[in-house]
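Read through the structure below, which is laid out as structure tokens, and then see the notes.
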Amino acid sequence: MRELLTLTAGDLRQRLRDRSVLIFGLVVPIALMSVMNLVFQTEEIELNPVTVAAAVADDDELGLVVVETLTQVPGLDVTVQAVPVAQVRDLAEDEQADLGLVLPEGFGAAVREGRATEVDLIRAPGSGLEIDILIAVVDGVTDRLTATAVTTAAGAQLGLQPDQLAQIAEQVGSAAPAVEVVQGRTASEQLSVSGTMVAGQAGLFLLFTVGFGVIALINERERGTLARLRSMPLRPGVIVTAKALSAYVIGVVATGVLLGVGSMLFGVSFGSVPLVGLLVLCVVAAATSLTFVVARLARTSEQASVAQAILAVVLGMFGGAFFQITSSGGLAGRLLDLNPIGAFTRGLGITAGGGGLADLTAPLLTMLGFAVVCTVASRLVPDRGAEL
């Protein structure tokens, strides 16, 4: 154990002196996240004050209710100008008013009696979102008034007394909506677009970070340093284990830092810190095991670098580093489910949604299973570098 810790500490010091580790492990991903944050961030929409030219009879109570409702829209400053009917269209077309509203003579009486009537809306050229909101408000108010009129007309046909009709009309007009629309949360295995990008970027650059341990191992083999180390009285496998452990430690630290910085930049939360830490430990184990398969197959450090870059981009891309990917089932969907970076992203989605340890069974098993398979494969595949 002492030899293992000594070799690991020495390798960690070498990795920290290597600027490329810090650049690709922290500087580049943080800079990329910052740029993507500037690209994808949304600005708060500001609604401009609007003017409504309205023509409505002074004694039409229901018509005045429609007009008054327009001035009560939260967050929207609406000024209503009472004008004759003949001027409404001209004011809107000349852009002296943003919206023209015409309530015909007898509007209130027609609504009470259930007769058909029309409300004219004239929007000014170039009007924007504010007018869309006001039109939606008018539609909602008139729909409620229509429902009241239909109800009272039906009650009259059934022979109800006037006082009963008045009560029913009042109840219909003041009743709360039977169906309420509320903003929900995403499913437990889904992150927001920003959260998926942060998780994917952390997974992508994790593969680059732990890959430096592989490249260092191959460089020592090429320089003959590895042979001299093996000639020392050390237990079999301790040198490779030390390389793996140093890469693992650097990967855990770098991934934790990237998740923390990404959370601050994009304002996302991944939930329970201990559970997130467990996911980080598992995904780093999977990434580290994969790099040692590359070390067995690559003859030179250049081949290892190319193979490591290809694996990092492919697994990171399909893990959500650049865009959100949803599994669609079938063979392709099952292959995507085996991606440890994708499992890491799904696990973070579960923790962000409030899930517990039991809910993380599938992502954890995917990452740990990937690590076991790659570890076994790294022992079975031929060491092409040793053949040189």
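The values are calculated or read from the model by the stated rules, or taken from the named source; none is laboratory data. Here the structure is a predicted model, which means the values were calculated and not measured. With ideal geometry, Cβ positions are generated from the backbone for all residues, glycine too; neighbour counts draw on all protein chains shown.
Points to keep in mind about this one:
- Scanning the stretch 29-38 for residues that are loosely packed, with under 15 Cβ neighbours inside 10 Å and either modelled with pLDDT of 70 or more or in contact with a Pro (Cβ under 6 Å, 6 or more places away or on another chain) (or both) yields Ala31, Ser34, Val35.
- Gln41 being at pLDDT 85 or above, out of contact with any Asp or Glu (no Cβ under 9 Å at 6 or more places or on another chain) and at negative phi: no
- In this structure, Arg296 does not qualify as part of a helix (DSSP H, G or I), in contact with a helix residue (DSSP H, G or I) (Cβ under 6 Å, 6 or more places away or on another chain) and modelled with pLDDT of 80 or more.
- Any chance Ala332 is more than 30 Å from Pro382 (Cβ to Cβ) and either at pLDDT 80 or above or not in a helix (DSSP H, G or I) (or both): no
- Checklist (1) surrounded by 15 or more Cβ atoms within 10 Å (Cβ to Cβ); (2) assigned to a loop (DSSP other than H, G, I, E, B); (3) modelled with pLDDT under 80 applied to Leu4, failing item: (2)
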